[in-house]
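To start, the structure itself, in structure tokens.
None of the figures in this text is laboratory data; all of them are computed from the coordinates on show. A quick note: this is a predicted structure, and the numbers were derived from the prediction, not measured. Cβ coordinates were reconstructed from backbone atoms using ideal geometry, including for glycine residues, and neighbour counts include every protein chain displayed.
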Amino acid sequence: MEKLGAEQLSVKSAEMRKEILKMTTCAGSGHPGGSLSATDIVVALYYREMKHKPDNPLWGGRDKFVLSKGHACPLLYAVLADLGYFPKEELGKLRTLNSMLQGHPSSTKTPGIEISTGSLGQGLSVANGMALASKLDKSDSRIYCLLGDGELQEGQVWEAAMTSAHYKLDNLLAIVDFNRLQIDGFVEDVMGVEPIADKFSAFGWNSIEIDGHDFEEIISAFAKAKECTDKPTVIVAKTTKCKGVSFIENVCDYHGKTLTSEELQKAIGELDLVCNIETGEER
Amino acid sequence: MTEEIATREAYGEALALAGEKDNDVVVLDADLSKSTKSVSFQKKFPDRFFNIGIAEQDMIGTAAGLAASGKKVFASTFAVFAVGRTFDQIRNSIAYSMLPVKLAGSHAGLATGEDGASHQALEDIALMRTLPGMIVACPADGVETKSLVLKSLELENPLYIRLCRLKTPVIFGDKYSFEFGKGSVVEDGADVSIIATGIMLSKAMEASTLLKKEGINARIINMATIKPLDEDIVLKAASETGAIVTAEDHSIVGGLGGAVCELLSEKKPSSVKRVGVRDRFGESAPPEQLFEKYGLTATAIASAAKSALAEKDVQK
Ligand SMILES: Cc1ncc(C[n+]2csc(CCOP(=O)(O)OP(=O)(O)O)c2C)c(N)n1
Ligand SMILES: [Mg+2]
């Protein structure tokens, strides 16, 4: 697969953001906020960083992605459909009866989903298991795990953080979507989790802090993670919840609220602007 | 039109009333206060509300500590996380220590709808039933929920309250008073008994109307307390009607149906049909479509009643 560069990645992200908004508005429920904040990271993973084969989802040599913050699955569905893991028409059936696209990821129903998630705090432990298996198999398969900042409040995350460091899982990369919001408000007000990078460092991790919407920084952090041996790496990515749609950015309610059809048109207009500027097309 | 309110909404309103009545009431939540409606208490009594964040196990331990110090604690989150994520903490810190913590699990059952299987608790009644001393309650409407919450202030046992996200019809009048451990006959009948819990009570009542058209008179029993089970009302129903149907938005394994079968198989073997989710996970879809697909409708209850009746006749 061709690896996209920073500019192409930002166009791809704008396209994926449109899909996320369309499918959640169409479903009338789902989680736009945390999907939009993590779009740039997940797009960089799937279109540049990870080894994987959309036409052979279970290919043995693949890298694996664990979406620990499972509610952000509209993002993952948009990416998997765009890459051809399943037909794009499925996106219109999100959350409907008998659909392969469940409200939270289901590994038994959707090609490309490595593990069922949705109950927060469990993904990093699963990623550790995959990373240990990869080492046992002497495979060069790497494991990527995306967590929410609110999700870090789950104790299991820190149990897992100890395991990753204890077993020197340098084939594991955890990424924290540091968008500062959870459901009941700002993370800082509900139950503070900072300093995040320092906490992971104290647990024996290699910690990197970046702007999670800057592709140059994302790409260089991925490279640094690969250079680090004998330690797991965490990227603490500063992001904006609902990134890309000016009128809902940082608005807490849009964690789990969808756009109306008028709002959707307005949002698509804003995102089209990004697509066109980046590709230099006429509007 | 019949009035509708979600039991979680009534829970929030009742918490605010409880807070007024009793200064020892303390409420905890785990980043879902707007969904469980514990936010109604938070608004009135911010000093007695603690958001523990997305840390359900920690919330249960904190509740145990508060209860051990004399506080009347309610801890709420979605039912899957309230009792699934936290089973060992509930077992050891709360039940084994016999602390009167009140756990509220909202968004129980297929009624949760579009969020899908990961968020639809279908085994919470079963889990809580296994714990010695634990009272398990699933109110049928908003009125019953309020009465139950206010009466729970006097309990010495731990309590699990199962709540629903969906708006459902109000069944009981303002004067209704809930009693722990007591079922109640909502409609009398002598041909078959339908024992329902939670949001299935209104569907059981609809089923009764359907059955009447076919000349079958069903006794409808509301079983809002699943543990301790009202044995007398079940045994009486078995003796007098001879055929029993149970109805719950929960797995048929270990819930109301399980409890009724355990009792009857020891004390009065009878013809029983269980309406519930048949040992499978749920999925994403609007609740009504799920009820249809998984057989949790008035029609399904009515046909279960007819087959229970048919088997009773064979047994005679
Ligand atoms: C164990 C568990 N508890 C509660 C929830 C309900 N829930 C879903 S998303 C969410 C907030 C997540 O916040 P964060 O991790 O910061 O995610 P993001 O901001 O990226 O959406 C909560 C509490 C859940 N899914 N799992
Ligand atoms: Mg967040």
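Brief remarks follow.
- For the stretch B:75-173, a/c is not less than 1.5, where a ≥ b ≥ c are the root eigenvalues of the C-alpha gyration tensor, and a/b does not top b/c. That puts it in the oblate class.
- Contour excess over end-to-end distance, with Cα ends at B:Asp22 and B:Glu154 and 0.36 nm allotted per residue: 46.4 nm
- Counted by Cβ distance under 13 Å from B:Val185, the other residues give a net charge of -2, where Lys and Arg count +1 and Asp and Glu count -1.
- Cα gyration tensor, the stretch B:1-115 - rounded (a/c under 1.5), prolate or oblate: oblate
- Computed per residue of chain A from DSSP H runs no shorter than four, each worth -39500 (n - 2.57), the mean residue ellipticity at 222 nm is -12500 deg cm²/dmol.
- When the chymotrypsin sites (Phe, Trp or Tyr not before Pro) in the stretch A:40-146 are filtered for DSSP coil states and for at most 14 other beta-carbon atoms within 10 Å of their beta-carbon, the remaining sites are A:Trp59.
- Relative contact order, whole percent, for the stretch B:225-316 stands at 32, derived from Cα pairs under 8 Å and 6 or more residues apart.
- Principal-axis tilt of helix B:256-267 within chain B, Cα atoms, nearest 10 degrees: 60
- Positive-end extreme of charge dipole, the stretch A:6-275 - chosen from A:Leu169, A:Leu101, A:Val245 (charges on Cβ): A:Leu101
- Loop-located trypsin sites (Lys or Arg not before Pro) in the stretch A:1-79 (DSSP state other than H, G, I, E, B) with a sparse environment of at most 11 neighbouring Cβ atoms within 10 Å: A:Lys3.
- Helix-only CD estimate at 222 nm, as mean residue ellipticity for chain B, using -39500 (n - 2.57) per DSSP H run (n ≥ 4): -11000 deg cm²/dmol
- Helix A:155-166 and the long axis of chain A differ in direction by around 50°, with both axes built from C-alpha atoms.
- GNM result for chain B, Cα springs below 10 Å: residue of B:Tyr11, B:Tyr176, B:Tyr96 fluctuating most strongly: B:Tyr176
- Listed residues B:Lys236, B:Lys273, B:Lys213, most fluctuating in chain B (Gaussian network, C-alpha, under 10 Å): B:Lys213
- Compared with the dominant Cα axis of chain B, that is its longest principal axis, helix B:7-21 is turned about 50°.
- Cβ-defined net charge surrounding A:Asp40, 9 Å radius [Lys, Arg +1; Asp, Glu -1]: 0
- Shape of the stretch A:6-275 from the C-alpha gyration tensor: prolate (a/c of 1.5 or more and a/b above b/c, with a ≥ b ≥ c the square roots of its eigenvalues).
- Around the amide H of B:Val186, modelled in the peptide plane, lie the amide H atoms of B:Ile220, B:Ile221, B:Asn222, all under 5 Å away and 5 or more residues distant in sequence or on another chain.
- Summing charges over all other residues whose Cβ lies under 9 Å from the Cβ of B:Glu56, with Lys and Arg as +1 and Asp and Glu as -1, gives -1.
- Normalised contact order of chain B, rounded percent, pairs of Cα under 8 Å and 6 or more residues apart: 18
- Across the stretch A:34-192, C-alpha contacts under 8 Å between residues 6 or more apart give a mean separation that, scaled by the residue count, equals a relative contact order of 22 percent.
- Largest-first ellipsoid semi-axes for the stretch B:184-315, taking √(5λ) over the Cα gyration tensor eigenvalues, angstrom: 21, 17, 13
- In the stretch B:102-190, trypsin sites (Lys or Arg not before Pro) in a DSSP loop with at most 14 other beta-carbon atoms within 10 Å: B:Lys175, B:Lys182
- Considered as an equivalent ellipsoid built on the Cα gyration tensor, the protein assembly as shown has semi-axes of 46, 26, 23 Å, the largest given first.
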